[in-house]
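**Student:** Sharing a structure with you now.
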Amino acid sequence: MGFVEGLAQALALAATVLPEEVVRALRAAHAREEGPARVQLEAILKNVEMAKEGRVPLCQDTGTPTFFIRFGLDFPHLKELFAAIPEAVRRATREVPLRPNTVHPFTGKNPGDNTGRCVPAITWEPGPGDAVEIHVLPKGGGSENCSALKMLSPGVGLRGVKEAVVEHVVAAGGLPCPPTIVGVGIGGGADLALKLGKLALLRPLGQRHPEPEVAALEEELEELINASGVGPMGLGGRTTVLAVHVEYAHRHPASLPVGIAVQCWAHRRATVRIGPDRSITVSQ
């Protein structure tokens, strides 16, 4: 399997098959809900089943192709990988097919293949080693519209962070197609906080942050948001979020940035691992 084929396969997998831990979370929510909330979750689970069986996209909005790439500094095929990513996006767009979602912000022109200036969106993270791990995150427009950056005063402390996140997610109501997964990035600068929020979305549901105080914050935010009663698709219920994941960075003492990355129930992800011998594995 070549790089283009492997990456295109990952895009197809992400678009059509929901990760099993997300399906389990949706089933658990369905079991505890009743009334309109239960009906909505039943429809979502049927949608998931039909997409997987038919190998068709989970949603008509197949998202913006987004890649987070952790590469070893000794990986010998970096130049080839760099060239393969946009070609894999074009191939997946044709073959899945994916909806062409990239338009020029001034002219509205759509190249028709999900590529364009700065798209696909790629974050490169170097590190030791000779292998590559690529996380594919097709990001839908509806949930992306509900993401936000909050530049808080450091004086508000952790309480202010909680209030900002809960108020924002609850105010979004049904717009991001809840139950959502929310990634929260705390600290760094404005751009880094938002990036950390998206990186938090890559962690599997049910896997808490390794630091106890951060894990406790995740749990508290989930409880507070779910107590709001927004519920599936904003129609009321106990499950507004399936998970809240938090990542952080050290910050300037004069600022407290909080990036809130909202992901709809269709939490599409896939992972590609490439070894120095060009071996490729695709998984979720």
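**Student:** Kindly check whether there is at least one residue in region 219-239 that is small (Gly, Ala, Ser) and under 19 Å from the mean Cα position of the chain (by Cα). Before the answer, list the steps.
**Tutor:** Narrowing region 219-239 to residues small (Gly, Ala, Ser): 227-229, 231, 234, 236-237.
Now restrict to residues that are under 19 Å from the mean Cα position of the chain (by Cα): none.
No: region 219-239 contains no residue that is small (Gly, Ala, Ser) and under 19 Å from the mean Cα position of the chain (by Cα).
**Student:** Inside region 133-150, can you point out the residues that are of a type outside the set (S, T, N, Q) and not in a strand (DSSP E or B)? Explain how you work it out, then say what you get.
**Tutor:** Here is the first cut: in region 133-150, the ones of a type outside the set (S, T, N, Q) are 133-142, 144, 146, 148-150.
Once the filter is applied, which keeps residues that are of a type outside the set (S, T, N, Q) and not in a strand (DSSP E or B), region 133-150 yields Leu137, Pro138, Gly140, Gly141, Gly142, Glu144, Cys146.
**Student:** Among the candidates Val246, Val258, single out the residue that is crowded, with 19+ Cβ neighbours inside 10 Å and either in the same structural domain as Leu98 (by TED's automatic domain parsing) or within 26 Å of Val132 (Cα to Cα) (or both). Outline the logic, then answer.
**Tutor:** Details: Val258 fails: either in the same structural domain as Leu98 (by TED's automatic domain parsing) or within 26 Å of Val132 (Cα to Cα) (or both).
The unique qualifying residue is Val246.
**Student:** Does region 237-266 hold any residues that are more than 15 Å from Leu205 (Cβ to Cβ), touching a helix residue (DSSP H, G or I) at 6+ places or on another chain (Cβ under 6 Å) and small (Gly, Ala, Ser), and which are they?
**Tutor:** Gly237, Ala249, Gly259
**Student:** Which residue out of Cys146, Cys118 is surrounded by fewer than 17 Cβ atoms within 10 Å (Cβ to Cβ) and under 20 Å from Arg99 (Cβ atoms)? Lay out the reasoning, then the answer.
**Tutor:** Details: Cys146 fails: surrounded by fewer than 17 Cβ atoms within 10 Å (Cβ to Cβ).
When all the criteria are applied, what remains is Cys118.
**Student:** Does region 104-128 hold any residues that are more than 18 Å from Phe67 (Cβ to Cβ) and either under 21 Å from the mean Cα position of the chain (by Cα) or touching a residue at least 12 places away in the same chain (Cβ under 8 Å) (or both), and which are they?
**Tutor:** His104, Gly112, Pro128, listed by residue number.
**Student:** Next question. Restricting attention to region 171-218, and to residues there that are over 20 Å from Lys139 (Cβ atoms) and assigned to a helix (DSSP H, G or I), which single residue is nearest to the chain's Cα centre (by Cα)?
**Tutor:** Glu218
**Student:** Then there is this: Go through region 7-55 and count every residue that is farther than 30 Å from Gly236 by Cβ and not in a helix (DSSP H, G or I).
**Tutor:** Residues flagged as farther than 30 Å from Gly236 by Cβ and not in a helix (DSSP H, G or I) within region 7-55 amount to 1.
**Student:** Then there is this: Hey, can you tell me all the residues within region 183-227 that are crowded, with 17+ Cβ neighbours inside 10 Å and small (Gly, Ala, Ser)?
**Tutor:** Listed by number, the residues that qualify are Gly183, Gly185, Gly187, Gly188, Ala193, Gly197, Ala200.
**Student:** If only one of Leu224, Leu202 is among the hydrophobic types (A, V, I, L, M, F, W, C), under 25 Å from Gly72 (Cβ atoms) and in contact (Cβ under 8 Å) with a residue 12 or more places away in the chain, which one is it? Before the answer, list the steps.
**Tutor:** Numbers: Leu224 fails: under 25 Å from Gly72 (Cβ atoms).
Criteria check complete, one pass: Leu202.
**Student:** If you go through region 20-75 one residue at a time, how many are under 23 Å from the mean Cα position of the chain (by Cα), aromatic (Phe, Trp, Tyr) and more than 18 Å from Ala8 (Cα to Cα)?
**Tutor:** The qualifying residues number 1.
**Student:** When both residues are 6+ apart or on different chains and their Cβ atoms are under 6 Å apart, which pairs have a first residue that lies in region 20-31 and is under 12 Å from Val241 (Cβ atoms), and a second that is outside any helix (DSSP H, G or I) and among the β-branched types (Val, Ile, Thr)?
**Tutor:** Taking only residues 6 or more apart or on different chains, the pairs are Ala29/Thr239.
**Student:** Here is a check on your reading of the model: is Phe75 of a type outside the set (Gly, Ala, Ser), assigned by TED's automatic domain parsing to the domain that holds Pro120 and within 25 Å of Ser143 (Cβ to Cβ)? Walk me through how you get there before you give the answer.
**Tutor:** On the way: of a type outside the set (Gly, Ala, Ser): yes; assigned by TED's automatic domain parsing to the domain that holds Pro120: yes; within 25 Å of Ser143 (Cβ to Cβ): no.
Against the criterion (of a type outside the set (Gly, Ala, Ser), assigned by TED's automatic domain parsing to the domain that holds Pro120 and within 25 Å of Ser143 (Cβ to Cβ)), Phe75 does not qualify.
**Student:** Next question. From the list Phe67, Phe82, pick out the single residue that is on the phi < 0 side of the Ramachandran plot and in a helix (DSSP H, G or I).
**Tutor:** Phe82
**Student:** Which numbered condition trips up Ala88, out of (1) aliphatic (A, V, I, L, M); (2) surrounded by 18 or more Cβ atoms within 10 Å (Cβ to Cβ); (3) more than 15 Å from Gly2 (Cβ to Cβ)?
**Tutor:** Here Ala88 meets the rest and fails (3).
**Student:** So which of Val103, Val96 is under 23 Å from Cys264 (Cα atoms), in contact with a helix residue (DSSP H, G or I) (Cβ under 6 Å, 6 or more places away or on another chain) and among the β-branched types (Val, Ile, Thr)?
**Tutor:** On the way: Val103 fails: in contact with a helix residue (DSSP H, G or I) (Cβ under 6 Å, 6 or more places away or on another chain).
Being under 23 Å from Cys264 (Cα atoms), in contact with a helix residue (DSSP H, G or I) (Cβ under 6 Å, 6 or more places away or on another chain) and among the β-branched types (Val, Ile, Thr) holds for just one of Val103, Val96, which is Val96.
The values are calculated or read from the model by the stated rules, or taken from the named source; none is laboratory data. Only a predicted model underlies this, so the values are computations on that prediction, with no experimental measurement involved. Neighbour counts are summed over all protein chains in view; Cβ atoms, including those assigned to glycine, are modelled from backbone coordinates with ideal geometry.
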